Each structure stands twice: as C-alpha cells, then as structure tokens.
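Have a look at the structure below before the remarks.
The values are calculated or read from the model by the stated rules, or taken from the named source; none is laboratory data. Only a predicted model underlies this, so the values are computations on that prediction, with no experimental measurement involved. Methodologically, a virtual Cβ is constructed for each residue, glycine included, from the backbone with ideal geometry; neighbour enumeration extends over all protein chains shown.
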Amino acid sequence: MSINPVLRRNLAAAACAVILCGVTACGDTTQGNAPDVLKVGLPPSEANANLQAKFEPLTLLIAAGTGKTVEVKPTSDYLSIVEAMRSGLIDVAMFSPFPTPLAQAVAGVEPLVVARGAAYSSVFVCRTGVGINSIDDLRGRKVAFVDAGSTSGNYIPKLLLKRAGIDPETDIEGIYAGGHDTAELAVKQGSVDCAADARSSYQTMVDKGVIDGTQQAIVAESDPIPVSLVVIARKDLDPALGQGIVRAFVGGKNAAALGVVGATRFDKAQDSDFAIFRDAAAELGVDLAELSRK
C-alpha cells in the first residue's frame, strides 16, 4: 500500500512548520536527555484559550513524576507534534491514539501511558432538515474534519466512510477545521453540512447550549474506541523520566487528570494497545513502514 497523498502533504507541511520553528525562538534542543525543563505538547483538540488550564491536572502529574519544571507547548496539529518530537522541540506530549503508531514509525516516540474507560466514539453530526439521515447521505456533501492526526475527528470517520462505500478523498468535500468545537461551529454557521467529531465533544457543546441538538444531530457513530489519550515521550528522553511519569499516572493521585479525559483509569502503555489502530491504518491505506523510511 502507498501512503494517502493527503496525509503525505500534511506531514510535509508539519515538517516545514517545525523547521521554521527551529530557526526562531520556539525551543532549545540542546538540553539533552534529562532537561531541567520538560517541554510538554498539548493536543490541538479545541480552539480554547484555557486549554493549558484544562490540561493542568495532567501536566501536574508529569511534573510530580519527574521532579522537573514543565513548560506547556500548545500545538497546531498532531503531525506537528510528531515532527517537533523528532526534532527535540517537545519532550512529552498528550497524543491521539490512532496516529501513535505513525509517531512511533516516524519519530521513534515511546508511548508511556494510555487512558481507558472513556465514553469515546466517533460521530458524524449534520444539520437537520437538509436530507442527511444516515452515513449514506454524506456522498457529495461538505464535511469538516478536526485535524489530520485526530482519531475521532479524522481517522475513524474516514474509516466509517470507506466501509460505507464512500471514498473520503473524492466522494465528499472535506476540510480540516482545526478543532472539535470549530468543526461543530462550522455546521452551526452553515459553512459545512456535517462535522466529524467525538461524541463526548458534541454532547458537551449541546449541554452547554453552544449548539442546538435539534439543529445538528448525530447521523452515524463508530464502535467505542478503547483508548482515548496517550502520553508519549521523545525517543531519547531519559528512561527514568518516562518511568516516573508512568508511576505518577498509574499509581498516583490521578482523579483530577482522569476527569479531564473522562476516563476511568490510566495504564502503562503496551504495544498491543495500538494493534487495532495499526489494522485500521492498513485498511485506510496508510503505510507505516513507508513512513518510517522517510
């Protein structure tokens, strides 16, 4: 199989972004394997000015487990995280489960911790009253995906489309909105017909009154996704720091951090956690072995 051309373009764009970052004041890659300040990347999950505060319970666990000061680095997209970790600009990151095998292939990252037990599935949310009642009706429609590296907002929705006989590259008009909330708001504003999103994100926006559940509703949903978040480390980070992070998440006081991701427990990451995502990548035509040679 060959790599999806859209993914290749996004990887190239991410690499360019990191190169530009590297020649400006974005980070110092000279601190070695045990830096005094850990640079932690946050996921581009939503256009939220308070994203750092939202993820503070998780970054506090990283600080507690390593004894290091943590410097938070918001990111533009998941693929930029991959390139930033390969370049040493980010030490640890909160990551999406589906592209974790991609990050392993491209940047040699080490998955440390996985979050389990969240009510986590992928959905297509569409404007009501426009003749979209099932996934079959998405053919020819305009759809907002979240980010090229998002599990619930890109990979799983595209897998649902493919299994329904709809080519996500040619049978719909797809765009990337950059966040779960911005994808939903694009539906609300009428600039797209549907959004690919996490059910939990959609429900939160309905509960808060940001969007109207009678005006945009779920028309298709995936099976539950077993892992909702992964904590990863760059490949050459001091193993003792990684072990400390695992201890803090798995055995520490983690109730607040679990609440951030809606999970019931953190586990030490195992290679088997990502088998389902490798299989899905193969089904979508993403050749991870080819990526590892780039």
_Take the conditions surrounded by fewer than 21 Cβ atoms within 10 Å (Cβ to Cβ), modelled with pLDDT of 95 or more and among the acidic types (D, E) and apply them to E221. Does it pass?_
yes
*Can you tell me which of V210, V250 is within 24 Å of A103 (Cα to Cα) and of a type in the set (V, I, T)?*
V250
*Consider G209 against the criteria (1) farther than 18 Å from L284 by Cβ; (2) under 20 Å from the mean Cα position of the chain (by Cα); (3) assigned to a loop (DSSP other than H, G, I, E, B): it satisfies all of them except one. Which criterion is unmet?*
(2)
*Applying the selection to segment 50-97, what residues are over 19 Å from the mean Cα position of the chain (by Cα) and of a type in the set (D, E)?*
E71
*Any idea which of A105, A84, A115, A64 is closer than 16 Å to L241 by Cβ and touching a helix residue (DSSP H, G or I) at 6+ places or on another chain (Cβ under 8 Å)?*
A64
*Within segment 148-156, can one find any residue that is outside any helix (DSSP H, G or I) and not small (G, A, S)?*
no
*Taking the options A240, A257, name whichever one is farther than 13 Å from P101 by Cα and surrounded by 13 or more Cβ atoms within 10 Å (Cβ to Cβ).*
A257
*Could you identify the single residue in T182, T204 that is in contact with an Asp or Glu (Cβ under 8 Å, 6 or more places away or on another chain), surrounded by fewer than 22 Cβ atoms within 10 Å (Cβ to Cβ), among the β-branched types (V, I, T) and not in a loop (DSSP other than H, G, I, E, B)?*
T182
*Residue tally, condition at pLDDT 95 or above, buried (at least 20 other Cβ atoms within 10 Å of the Cβ) and either small (G, A, S) or more than 14 Å from A198 (Cα to Cα) (or both), over segment 133-152*: 5
